Amino acid sequence: MVVLAASVLSKSGKVLVSRQFVDMTRIRIEGLLAAFPKLVGTGKQHTYVETENVRYVYQPIEALYLLLVTNKQSNILEDLETLRLLSKLVPEYCYSLDEEGICKTAFELIFAFDEVICLGHKENVTVAQVKQYCEMESHEEKLHKLVLQSKINETKDVMKRKASEIDKSKIDKNKGDKGGFMSMGSGRIESSFSDMSISSSGSGFGSSSGLGLTADVDSFSTKSKGRQLSSATAPPKGLGMQLGKSQKTNQFLESLKAEGELIVEDVQPRAGQARVAAAAPTDPITLTAEEKLNVTLKRDGGISNFDVQGTLSLQILNQEDALIQVQTETGGNPGILFKTHPNMNKELFSNENILGLKDPNRPFPTGSAGDAAGVGLLKWRMQSADESMVPLTINCWPSVSGNETYVSIEYEASAMFDLRNVVISVPLPALREAPNVRQIDGEWRYDSRNSVLEWSILLIDNSNRSGSMEFVVPPADSSVFFPISVRFSATSTYSDLKVVNIIPLRGGGAPPPKFSQRTSLITENYQVV
């Protein structure tokens, strides 16, 4: 028995698949297959046709013919057995017994035919064996894949453990690096700027003493696309904290910047609430004027709330300097309402701007170990609906384009104040990674835990009254980016309250005691909603 070819044809005679098992030319096999439809008659019960040279053994399968072309010396019973086996294999590999199904699985059929017939002779195989041979399943291969997958899973577990250890170490490091006044010999000045300005009545002791600022330190992103922040030079280790150096240090840094030197700040404000810790007073008398700003701006423009509350407090170190009166000078702002302490002489203040006790023979409380804020002398408040009184306005413009949201934020600062340690906190939707900051005037940091983008500007003065930032995040609703929180400080106030003189009430013609004044404006709640 020699099978010349095994083929699948359509009823019209179109050859779909043909596999030859002996050497023959293409012209000959095409001629043999082209002659088959003409030889098949209708109404005949047998499934073979003979010619002078070959025998056609065929079986109809729906709209197809499964055909074996053999020589006339082959055993027709074996040919029928081979044809029956092939007819079982064709439906196993073809999802539909039509031209499309046969053409899509042509190579699978050829491989199956090769497993059944070898060099024209039938192999002693079954349908299950043919499928197993064609699938080429290997126990060793499966074992190798299992081992490889287990190694991959083990590596992923190691990576997760390492990542968690790194995150934990970062958290521990940040906790260890958080602010507070530095101890003696720590060798690091926590900030180069002071939130309080100090004025003095003379050049006596402590007249130029600086007020140290402690800010929580976090790793702001140094993907610097804006101005670099400046830093004070750290003192030598072991010298401890020295007062009265901040002004000279800042002048030195300003002179370096004027000469073109690039000075990089390594300490920057954090997203949390800034905390200003007052240094222990060194002058005999210290007066502190502080204003707290509560502002709520509308995202589309306008003011929802503007409220300024200020206090003037007094600290006296020595008992002999406690019998005094304080001569003040106000800025003449008609919108500010002053209110003295109940123990103060209201008429004296309203007529002469002098703060003194009702009983002139009674001294003020002394000592710095008690209330760090000192004794309250005066309070004032200002409310306004005038947008020009706002020191810093924020405009946020989110726009969705395709699969991204482009957010442009710009600030405009009033010329009334020079703002320091400005941090603009923009809430973001939950992100897998930090936003793509395209452009920024200043520095930025992404707080992934709270999903907040923090825009930091160390100083806003006449050189940068306006600035902008642009970043890209996945599609999100515009309301996600509000409310925007703002934090800053300044060394001047709305009231422009100044202490011009200290009047001693003790006799003997003693000179007036030396004093210093500290002035600050800070934000308590400043939002764009």
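The values are calculated or read from the model by the stated rules, or taken from the named source; none is laboratory data. This one's a predicted model, so the numbers in the text were calculated from it and none came from an experiment. Please note: Cβ atoms are built from the backbone with ideal geometry, for glycine as well, and neighbour counts cover all protein chains shown. Side chains included, ligands, DNA and RNA excluded: accessible areas come from the protein's heavy atoms. Shrake-Rupley method; radii C 1.70, N 1.55, O 1.52, S 1.80 Å.
I'd like to verify a number: residues in region 396-410 that are among the acidic types (Asp, Glu) and either within 17 Å of LEU297 (Cβ to Cβ) or not assigned by the TED database to the domain that holds PRO435 (or both), how many? Working first, answer last.
Taking region 396-410 first, the residues among the acidic types (Asp, Glu) are 404, 410.
Now drop any that are not either within 17 Å of LEU297 (Cβ to Cβ) or not assigned by the TED database to the domain that holds PRO435 (or both), which leaves 410.
Within region 396-410, residues that are among the acidic types (Asp, Glu) and either within 17 Å of LEU297 (Cβ to Cβ) or not assigned by the TED database to the domain that holds PRO435 (or both) number 1.
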query = Any idea which of LEU317, LEU337, LEU378 is modelled with pLDDT of 90 or more, under 53 Å from the mean Cα position of the chain (by Cα) and either open to solvent by less than 60 Å² (accessible area, probe 1.4 Å) or assigned by the TED database to the domain that holds THR523 (or both)?
reply = LEU378
key: Test for SER425: is it of a type in the set (Ser, Thr, Tyr), closer than 30 Å to LEU337 by Cα and in the same structural domain as PHE349 (by the TED database)   = no
key: Residue list for region 48-75, restricted to those being of a type outside the set (Gly, Ala, Ser) and open to solvent by 50 Å² or more (accessible area, probe 1.4 Å)   = TYR48, GLU50, GLU52, ASN53, GLN59, PRO60, GLU62, LYS72, GLN73, ASN75
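Could you pull out the residue among PHE364, PHE349 that is hydrophobic (A, V, I, L, M, F, W, C), assigned by the TED database to the domain that holds LYS514 and either outside any helix (DSSP H, G or I) or farther than 16 Å from ASN501 by Cα (or both)? Working first, answer last.
Details: PHE349 fails: either outside any helix (DSSP H, G or I) or farther than 16 Å from ASN501 by Cα (or both).
Testing whether each residue is hydrophobic (A, V, I, L, M, F, W, C), assigned by the TED database to the domain that holds LYS514 and either outside any helix (DSSP H, G or I) or farther than 16 Å from ASN501 by Cα (or both) leaves just PHE364.
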key: Selection status of SER138, more than 21 Å from ARG19 (Cα to Cα), open to solvent by less than 70 Å² (accessible area, probe 1.4 Å) and at pLDDT 85 or above   = no
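With the condition being over 24 Å from the mean Cα position of the chain (by Cα), I'd like the strands (runs of 3 or more DSSP E) fully within region 451-529 carrying at least 3 qualifying residues. Talk me through it step by step, then tell me what you get.
Details: elements: 452-460, 466-473, 484-490, 498-504, 515-528.
The strands (runs of 3 or more DSSP E) meeting that bar are 498-504, 515-528.
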request  = Return yes or no: is THR70 free of Cβ contacts under 8 Å to residues at least 40 places away in the same chain and closer than 23 Å to LYS14 by Cβ?
outcome  = no
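Restrict the check to region 257-265 and report whether at least one residue is under 43 Å from the mean Cα position of the chain (by Cα), in the same structural domain as ILE424 (by the TED database) and either closer than 30 Å to PRO427 by Cα or at pLDDT below 90 (or both).
no
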request  = Could you tell me whether any residue of region 88-98 is free of Cβ contacts under 8 Å to residues at least 60 places away in the same chain, in the same structural domain as VAL49 (by the TED database) and over 60 Å from the mean Cα position of the chain (by Cα)?
outcome  = yes
